[in-house]
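The values are calculated or read from the model by the stated rules, or taken from the named source; none is laboratory data. Remember, predicted model here, so these are calculated numbers, not experimental data. Virtual Cβ from ideal backbone geometry, glycine too; neighbours counted across all protein chains shown. Surface accessibility is based on the protein's heavy atoms, side chains included, excluding ligands, DNA and RNA. Shrake-Rupley method; radii C 1.70, N 1.55, O 1.52, S 1.80 Å.
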Amino acid sequence: MSLNNEDLQMKSGKEKIWTKDFVLICLANFFIFLGFQMTLPTIPLFVEHLGGNDQLIGFVVGIFTFSALLLRPIAGHALESKGRRFVYLIGLAIFVLSVGSFGFAFSIAFLFVLRVIQGVGWGFSTTASGTIATDLIPPKRRGEGMGYYGLSGNLALAFGPSLGLALSGVLSFQQLFFICAILGLAALLLSSRIRYKKVEKPVAQTQTVKWDFYEKSALPPSLLLFFITVTFGGIASFLPLYTAEKGISGIQWYFLIYALALMLTRTFAGRLYDKRGHRAIFIPGAILIVFAMILLAWLPNTYVLFIAAFLYGFGFGSVQPALQAWSIDKASKNRKGMANATFFSFFDLGVGIGAMVFGQIGHMFGYGSIYKTAAISVVISIILYMIMLRREKVHVQVGSVK
């Protein structure tokens, strides 16, 4: 009888995070995110190269997240029925093939179709990856462990956008996207070496649940995440074009500073969540994001761009892993995959709606209006969070009276 990772830790009395399998999932996550982040600022440039305007850029960027959104619930179920390995490897393979085909898209319509396919691979792979990481992390150190896991994506973010923009200036788009596909292939090879957790089926199932597309316990943090990631849609899709329009240099450094700030938060945010919960993290982090959006709406020079990058990275880097850990903690063992699917579905929905809506706003009112609207979205998340805390407090008081 073989023991899984969690059993071995309990038997030895240790709660190690950095096991061989955890290192492998972090490395695989780094390479797939590096390939993805290199396309993030270059896809809008590619659409522009193909003759598209701001509205088409928004739709090409947004459709990717919507296809990922539709597939995440299916991925969540498959993780519990087919297993982690099957879902993860299939998702990575689809991602590699779709990104490698970008360079052969000689029309926006064909690119649009490829982005839909890429979203399928991204939806499967990222939902599986987060669930696999959750399996490998000791429950009592989940906030800290998810912070380290998130750091692998942040490291990719530190180099990916800048590297993608730099290579787009010296290579053809076809060569650039081929390199991104190779990075995805590296993730596929690394992930094939992981010892995956076996699927745990419920002891008894009295009835079949129809239209099971989300995990109810993960909805509150996922809803908050939606209003936060709307801002990401505006940054990923239009910030390179916005800075070019204003004649402000340093967009490559923006992404680097943003990623470094994200990594800085990983040194303390996860542990803070484990000790004090989301109350110590969410509002301060969200306020920093609001200030970052205000600075981007103003954006008089390069220095303000860099300050906004640091504030956004510090705020988002604190809030995102805390919300993810919150969504997972409340779910039962056989619903961790669906909790991750719910969380990332709202992530995708926020980015997708942000990209599409901001494409219209930027076209009609200018790029600066995008970030004013994004600031309002984060303020809404803060208000919703305060309402959630109040309801939670009332629920606790009623329970204590009973």
*Tally the residues that are of a type in the set (A, V, I, L, M, F, W, C), surrounded by fewer than 24 Cβ atoms within 10 Å (Cβ to Cβ) and part of a helix (DSSP H, G or I), restricting the search to the range 48-59.*
2
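For (1) touching a residue at least 60 places away in the same chain (Cβ under 8 Å); (2) in contact with a helix residue (DSSP H, G or I) (Cβ under 9 Å, 6 or more places away or on another chain), each residue gets a yes or a no:
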residue: 37; (1), (2): yes, yes
residue: 44; (1), (2): yes, yes
residue: 47; (1), (2): yes, yes
residue: 65; (1), (2): yes, yes
residue: 69; (1), (2): yes, yes
residue: 73; (1), (2): yes, yes
residue: 81; (1), (2): yes, no
residue: 86; (1), (2): no, yes
residue: 99; (1), (2): yes, yes
*Which of (1) modelled with pLDDT under 85; (2) open to solvent by less than 10 Å² (accessible area, probe 1.4 Å) is the odd one out, the single condition residue 70 does not satisfy?*
(2)
*Out of the range 296-307, which residues are touching a residue at least 40 places away in the same chain (Cβ under 8 Å), open to solvent by less than 50 Å² (accessible area, probe 1.4 Å) and not hydroxyl-bearing (Ser, Thr, Tyr)?*
296, 297, 299, 305
*Could you please give the count of residues in the range 155-193 that are open to solvent by 10 Å² or more (accessible area, probe 1.4 Å), touching a residue at least 24 places away in the same chain (Cβ under 8 Å) and either farther than 14 Å from residue 31 by Cβ or not in a helix (DSSP H, G or I) (or both)?*
12
_For the condition buried (at least 24 other Cβ atoms within 10 Å of the Cβ), farther than 15 Å from residue 237 by Cα and under 16 Å from the mean Cα position of the chain (by Cα), what is the one hit in 315, 354?_
315
*Does the range 135-148 contain any residue that is aromatic (Phe, Trp, Tyr), part of a helix (DSSP H, G or I) and closer than 19 Å to residue 76 by Cα?*
no
